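J.: This is the structure I have questions about; it appears just below.
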Amino acid sequence: MPFPLVDSHIHSVHSCDARSTVDEICQKAIDLGLAYICFTDHLDLDPRDEGYNYFDPESYFRDIETARERFGDQLLIGAGIEVCYQSSREEEIVTWLDRWPFDFVLGSVHIVDHGNDWVMVPDRRSMAAWSRTRTMREAYLPYFEELQRAADTGLFDAIAHLDLVKRYGALFYGPFDAAAFAEEIDAVLEAAIATGTAIEVNTSGLFNPAHEPFPQLGILRRYRELGGRVITIGSDSHDYGQLGRGLDVAMEYARAAGFDEIACFWKRQPQFCPLPMGETALSEVAS
Ligand SMILES: [Zn+2]
Ligand SMILES: [Zn+2]
């Protein structure tokens with residue numbers, strides 16, 4: 001299979017937990033033969049989050065503009081954002097999305113919030129503490145409920161890493177059993193379909209204790225069965241060396257779930273690229 005040509009989930013130095021500059025990532029994307037990339041740096045609105053107040057939109061858009069001038073003839077560069085959704089912060093999120101011209105908005109649940117008893121889902125220590133006092137069902141349920149609220153808002157272009165709880169949850173509760181949350185996952189998928197929110201296939205799960213993409217293939221199949229048609233793919237890279245990682249697997253997943261195209265977003269609109277993606281289709285993304 002040829003190397004996949006798009007990556008729609010990338011962190012740069014504009015995220016507190018990532019290392020590579022926008023320029024370094026663009027150069028690497030060109031070296032890899034990617035045709036479209038989308039930066040999706042973190043927007044963290046909770047003061048308890050280590051990324052709180054880190055994202056500086058002016059400097060971010062300045063870097064994107066400079067990169068477009070420099071690399072624009074070889075690479076389509078999307079300016080996206082990964083919003084850490086909390087139902088208590090919807091107003092703030094709306095303000096951000098109204099104010100800045102993002103091409104693509106990923107909705108993520110990273111924090112499950114019960115006041116003092118909160119948990120950072122993508123964090124091993126936090127999940128370890130969580131798991132000591134809860135069954136798997138008790139631990140995962142609030143995550144899926146919050147994710148459904150995120151999908152219900154219609155604020156996001158795509159739901160990121162749908163079954164993220166398994167990232168470190170797999171260490172404490174074993175492999176993720178989607179059947180145990182069938183009803184809750186259906187509710188997320190139905191909300192996404194009703195609000196026109198895409199589902200992301202995120203390959204970072206392949207390289208952490210989950211050992212498989214987010215979401216599981218069965219969930220992607222279920223999304224399609226329920227009528228879902230819009231998927232994006234992304235590496236969730238935090239270093240340019242991780243760019244495009246595992247996207248061949250994401251494309252296999254997409255095909256196995258019955259999809260024959262994937263979406264890349266530009267100015268918040270999905271542009272569909274057939275699988276396997278060709279440069280002809282991608283050249284239309286910017287038009
Ligand atoms: Zn995330
Ligand atoms: Zn991310």
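The values are calculated or read from the model by the stated rules, or taken from the named source; none is laboratory data. Just so you know, these numbers come straight off a predicted model, no measurement behind them. Cβ: placed from backbone, ideal geometry, glycine included. Neighbour counts: every protein chain shown.
J.: Give the stretch 42-70 a look and list any residue that's touching an Asp or Glu at 6+ places or on another chain (Cβ under 8 Å), buried (at least 16 other Cβ atoms within 10 Å of the Cβ) and assigned to a helix (DSSP H, G or I), or say none.
T.: Tyr60, Asp63, Ala67
J.: While we're on this one: Considering only residues of the stretch 11-41 that are part of a strand (DSSP E or B) and in contact with a Leu (Cβ under 7 Å, 6 or more places away or on another chain), which is farthest from Ala160 (Cα to Cα)?
T.: Let us first name the residues in the stretch 11-41 that are part of a strand (DSSP E or B), namely 36-41.
With the extra rule that they be in contact with a Leu (Cβ under 7 Å, 6 or more places away or on another chain), the set shrinks to 36-37, 40.
Working: Tyr36: 18, Ile37: 16, Thr40: 11 Å.
Top of the filtered list is Tyr36.
J.: Being away from ligand 2 (no atom under 15 Å from the Cβ) and surrounded by 22 or more Cβ atoms within 10 Å (Cβ to Cβ) is the filter here, so list the residues in the stretch 225-252 that pass it. First the steps, then the outcome.
T.: Taking the stretch 225-252 as the starting set, the residues that turn out to be away from ligand 2 (no atom under 15 Å from the Cβ) are 225-231, 241, 248-249, 251-252.
Scanning the stretch 225-252 gives Ile231, Met251.
J.: Given the criterion over 30 Å from Asp177 (Cβ atoms), more than 18 Å from the chain's Cα centre (by Cα) and within 16 Å of ligand 1 (Cβ to nearest atom), identify the matching residue among Glu50, Glu69, Glu58, Glu91.
T.: Numbers: Glu69 fails: within 16 Å of ligand 1 (Cβ to nearest atom); Glu58 fails: within 16 Å of ligand 1 (Cβ to nearest atom); Glu91 fails: within 16 Å of ligand 1 (Cβ to nearest atom).
Result: Glu50 is the single residue among Glu50, Glu69, Glu58, Glu91 that is over 30 Å from Asp177 (Cβ atoms), more than 18 Å from the chain's Cα centre (by Cα) and within 16 Å of ligand 1 (Cβ to nearest atom).
J.: Taking Asp113 as meeting all but one of (1) under 20 Å from Glu90 (Cα atoms); (2) at pLDDT below 95; (3) surrounded by 21 or more Cβ atoms within 10 Å (Cβ to Cβ), write down the number of the exception.
T.: In the conditions (1) under 20 Å from Glu90 (Cα atoms); (2) at pLDDT below 95; (3) surrounded by 21 or more Cβ atoms within 10 Å (Cβ to Cβ), Asp113 misses (3) alone.
J.: Going by the conditions given, is Asn208 within 16 Å of ligand 2 (Cβ to nearest atom) and either of a type outside the set (A, V, I, L, M) or crowded, with 22+ Cβ neighbours inside 10 Å (or both)? Can you show your working first?
T.: Details: within 16 Å of ligand 2 (Cβ to nearest atom): yes; either of a type outside the set (A, V, I, L, M) or crowded, with 22+ Cβ neighbours inside 10 Å (or both): yes.
Answer is yes for this residue.
J.: Does Arg221 meet the test of being free of Cβ contacts under 8 Å to residues at least 60 places away in the same chain and more than 16 Å from ligand 2 (Cβ to nearest atom)? Show your work before the answer.
T.: Working: free of Cβ contacts under 8 Å to residues at least 60 places away in the same chain: yes; more than 16 Å from ligand 2 (Cβ to nearest atom): yes.
Judged against the criteria, Arg221 is a match.
J.: Give Leu162, Leu155 a once-over and let me know the one that is more than 14 Å from ligand 1 (Cβ to nearest atom), in contact (Cβ under 8 Å) with a residue 12 or more places away in the chain and part of a loop (DSSP other than H, G, I, E, B). Show your work before the answer.
T.: Details: Leu162 fails: more than 14 Å from ligand 1 (Cβ to nearest atom).
Sole residue among the options that is more than 14 Å from ligand 1 (Cβ to nearest atom), in contact (Cβ under 8 Å) with a residue 12 or more places away in the chain and part of a loop (DSSP other than H, G, I, E, B): Leu155.
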